[in-house]
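Below you'll find the structure, written out as structure tokens, and then a few comments.
The values are calculated or read from the model by the stated rules, or taken from the named source; none is laboratory data. Every value quoted in this text rests on a predicted model; they were computed, and no experiment measured them. Quick reminder, even Gly has a Cβ in these numbers, built from the backbone with ideal geometry, and neighbours come from all protein chains shown. When the accessible area is computed, the model is the full protein with side chains, heavy atoms only, and any ligands, DNA or RNA have been set aside. Shrake-Rupley method; radii C 1.70, N 1.55, O 1.52, S 1.80 Å.
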Amino acid sequence: MGEIKLSKKERIDKILANLGYGSRKDIKKNIKSGMVKINNEIIKDNSIKIDPYKENIKFNNKKINYRKFIYLMLNKPSGVISATEDNHSKTVVDLIDDEYKAFNPFPVGRLDKDTEGLLILTNDGDLAHKLLSPKKHVDKKYYVKVEGYLDESDKIAFKEGLDIGEKDITLPAELDIKKSNEISECYVIIREGKFHQIKRMFISLGKKVVYLKRVSMGNVELDSNLKLGEYRELTNKEIDILNR
């Protein structure tokens with residue numbers, strides 16, 4: 001269903017501040033100087049209340065498309081951490097433009113620093129909770145390269161759950177073997193997100209992950225046109241899929 005748009009009037013200075021156009025103090029000055037138009041009329045009163053979904057807002061003659069939430073699909077590269085800020089390493093938020101940073105997005109879940117692939121960034125806490133809750137059973141699919149041969153016994157072990165050193169064994173997972181060799185290739189589907197989970201699952205079987213990439217979350221797949229480090233907004237259809 002995507003974002004529900006409720007009819008609610010808010011102060012114009014608050015609307016612009018929430019969208020990252022400056023502090024309330026800066027915006028008040030900009031409004032006084034005639035930089036803001038509502039329905040093509042210059043306003044000078046920063047306390048005016050409007051419905052941002054219904055009114056035409058322009059800042060410095062540029063139309064503003066108001067929205068409360070943003071949803072981004074990022075093809076995370078290795079070497080970048082899944083966090084909003086860090087004193088030592090580049091974060092996934094560092095990869096996006098300032099116009100999106102104004103919404104204070106955060107990564108939905110985490111990918112290890114050396115793991116690549118699909119990462120959703122949003123400021124929609126409800127959606128993030130849906131996607132991360134083990135009770136929701138949201139599939140997370142990974143492409144994996146492993147040192148060591150894989151066979152039917154490994155598939156059974158994944159399905160039955162593995163002891164990775166925590167209180168409970170892992171939830172049933174799926175192992176789809178594509179190539180069994182000294183370096184095997186496979187797809188893994190899990191429905192939870194424990195720390196280093198896939199790596200630890202293979203370690204419990206005496207094997208080592210050498211490459212890991214998330215390729216889908218739920219029924220939303222990583223856009224093959226996105227190069228490492230690139231991102232785009234989710235389509236309305238993809239947002240609907242994730243909300244369901």
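Under the simplified labelling scheme, the Phe195-Ser153 pair shows an inter-label distance of 3.0 nm, with each label point 7 Å from Cα along Cα→Cβ.
Could you tell me which of rounded, prolate or oblate describes the stretch 198-244, using a ≥ b ≥ c as the square roots of the eigenvalues of the alpha-carbon gyration tensor, with rounded for a/c under 1.5 and, failing that, prolate when a/b is larger than b/c and oblate otherwise? Oblate.
Phi angles of the stretch 35-51 translate, via the Karplus equation with coefficients 6.51, -1.76, 1.60 and θ = phi - 60°, into HN-Hα couplings of 7, 10, 10, 10, 6, 6, 10, 5, 10, 10, 9, 6, 9, 4, 9, 9, 8 Hz per residue; Gly and Pro are given as x.
To the nearest 10, the accessible area of Asp176 is 70 Å² with a 1.4 Å probe. Solvent exposure of the chain amounts to 57 Å² per residue of accessible area, where only protein heavy atoms count and the probe is 1.4 Å. Residues Val210, Val188, ordered by accessible area of protein heavy atoms at a 1.4 angstrom probe radius and largest first, appear as Val210, Val188. Could you tell me whether the stretch 16-70 comes out rounded, prolate or oblate from its Cα gyration tensor? Rule is a ≥ b ≥ c as square roots of the eigenvalues, rounded for a/c under 1.5, then prolate if a/b exceeds b/c, otherwise oblate. Cα axes put the stretch 16-70 in the oblate bin. Couplings for the stretch 135-140, taken from phi via the Karplus curve 6.51 cos²θ - 1.76 cosθ + 1.60 with θ = phi - 60°, read 5, 7, 6, 7, 5, 10 Hz in order; Gly and Pro are left as x.
Beta bridges assigned by DSSP with both partners in the stretch 70-173 are antiparallel in approximately 90 percent of cases.
Surface composition of the chain: carbon and sulfur make up 45 percent of the accessible area, probe 1.4 Å. When Rg and the Kirkwood Rh are both derived from Cα coordinates, the Rg/Rh ratio for the stretch 1-143 amounts to 1.07.
Rounded, prolate or oblate: which fits the stretch 148-244 when a ≥ b ≥ c are the square roots of the eigenvalues of the alpha-carbon gyration tensor, with rounded for a/c under 1.5 and prolate only if a/b beats b/c? Taking the square roots of the gyration eigenvalues as a ≥ b ≥ c, the stretch 148-244 is prolate.
Counting only DSSP beta bridges with both residues in the stretch 38-130, the antiparallel share comes to about 95 percent.
Taken as Cα centroids, the stretch 20-53 and the stretch 58-113 sit 26 Å apart, rounded to the nearest whole angstrom.
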